[in-house]
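Enquirer: Following this message is one structure expressed as structure tokens.
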Amino acid sequence: MTVRQISPHVHVETAHLGSNNSIITGKHGLALVDTPHRPTDAIAWRKTADQLGDTRFVVNTDHHPDHTIGNYWMGGEVVSHRGTRERLLHDAPDHDYLAKLFARIDPAAVALLDEYRVRVPTVVFNDQLDLHLGDVHLELTFQPGHTANSLIAYLPEDGVVFTGDIVCEAGLPSFQDCRVADWFDAIDKVAGYDFEFLVPGHGEVAGRDVLDRYREWGRDVVGQVAEAIRRGEDSDQASAEIRFVDNIHVDTDDYVGYPDDLIEMFQRRSIARIHADLLERPDLSSR
Ligand SMILES: [Zn+2]
């Protein structure tokens with residue numbers, strides 16, 4: 001556990017396999033942003049949170065399992081964009097998928113699967129929602145980007161913005177649930193915030209400079225797909241051929257990452273997603 005306090009009211013864990021996990025401490029309780037992917041990390045994270053106060057809110061920046069599985073072990077009300085609740089109600093990974101995944105990334109958690117339930121958000125919003133914790137408040141704003149139901153969370157008192165996978169310091173995440181136009185718009189939106197610390201969906205806490213780097217990585221892969229289209233390649237050809245570096249689902253020093261076939265599937269779906277968007281709007285390749 002390498003949880004670090006980055007500002008007067010914010011603790012962040014960036015070393016979990018899966019999303020970054022944050023705890024915001026206010027006079028009147030805690031808000032958490034994203035929950036651990038691995039159940040054993042989630043159980044430990046709950047203890048960390050309990051030492052800091054009473055959890056009132058658990059915010060999910062999107063519906064992906066690496067941001068939401070840990071919901072089950074947290075206190076408080078789960079809060080998200082309305083679309084995140086819908087995706088968790090209808091598209092959450094099933095028991096068999098999780099059993100196979102946990103056998104690899106968190107073997108001790110396979111035994112927890114009989115007890116585990118998808119815990120869906122009970123407080124949802126369309127455009128904006130503020131969560132008040134006494135001396136600080138967290139501003140949640142709907143921002144399609146990494147997914148159609150992503151959000152940006154902002155703690156103005158500490159100058160901290162939590163971007164979820166709209167920005168990842170570690171590298172590019174999957175594009176499978178995004179629209180390319182939204183992907184670039186969302187980065188521009190983050191740039192419009194007044195912040196000192198950017199807590200990304202994955203990777204180290206960063207400053208403003210991560211935005212340009214991240215946009216460049218996105219431009220590079222979008223540019224490669226645009227090139228493939230110019231060569232006349234269809235979606236299957238482009239997705240068989242183009243790869244970007246996955247630093248998010250792979251092994252780390254402390255963790256075993258996703259199996260190769262899943263990583264390969266994310267890549268293919270990502271390239272197919274970009275290919276479809278570019279066919280519709282070729283101008284996106286110059287974003
Ligand atoms: Zn993620």
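The values are calculated or read from the model by the stated rules, or taken from the named source; none is laboratory data. Keep in mind it's a predicted model, so treat the numbers as computed, not measured. Here the Cβ is made from the backbone with ideal geometry for all residues, glycine too, and neighbour counts use every protein chain on show. Remember, those area values only see protein heavy atoms, side chains included, never the ligands or the DNA or RNA. Shrake-Rupley method; radii C 1.70, N 1.55, O 1.52, S 1.80 Å.
Enquirer: Quick test for you: out of G76, G70, G145, G53, pick the one residue that is in contact with a Gly (Cβ under 7 Å, 6 or more places away or on another chain) and not β-branched (V, I, T).
Expert: G53
Enquirer: Within the set of pairs 6 or more residues apart or between chains, which connect a residue that is in contact (Cβ under 8 Å) with a residue 12 or more places away in the chain inside segment 196-222 to a residue that is within 16 Å of the ligand (Cβ to nearest atom) and open to solvent by 40 Å² or more (accessible area, probe 1.4 Å) with Cβ atoms less than 6 Å apart?
Expert: P200/E169; G203/E169; E204/E169; A206/E169; V210/E169
Enquirer: Could you tell me which of the residues G232, G257 is assigned to a loop (DSSP other than H, G, I, E, B) and within 16 Å of the ligand (Cβ to nearest atom)?
Expert: The match here is G257.
Enquirer: Please give the number of the condition V124 fails out of (1) of a type in the set (V, I, T); (2) touching a residue at least 12 places away in the same chain (Cβ under 8 Å); (3) in contact with a Phe, Trp or Tyr (Cβ under 7 Å, 6 or more places away or on another chain).
Expert: (3)
Enquirer: So is E86 open to solvent by 30 Å² or more (accessible area, probe 1.4 Å), in a loop (DSSP other than H, G, I, E, B) and farther than 21 Å from V160 by Cβ or not?
Expert: Considered against the rule, which asks whether it is open to solvent by 30 Å² or more (accessible area, probe 1.4 Å), in a loop (DSSP other than H, G, I, E, B) and farther than 21 Å from V160 by Cβ, E86 comes out as no.
Enquirer: If you don't mind, there's one more thing I want to ask. So which of V124, V161, V78, V120 ends up being farther than 19 Å from F266 by Cβ, in a loop (DSSP other than H, G, I, E, B) and of a type in the set (A, V, I, L, M)?
Expert: V120
Enquirer: Just give me the residues in segment 198-210 being surrounded by fewer than 18 Cβ atoms within 10 Å (Cβ to Cβ), over 14 Å from S19 (Cα atoms) and either of a type outside the set (K, R) or within 16 Å of the ligand (Cβ to nearest atom) (or both), in sequence order.
Expert: Within segment 198-210, G207, D209 qualify.
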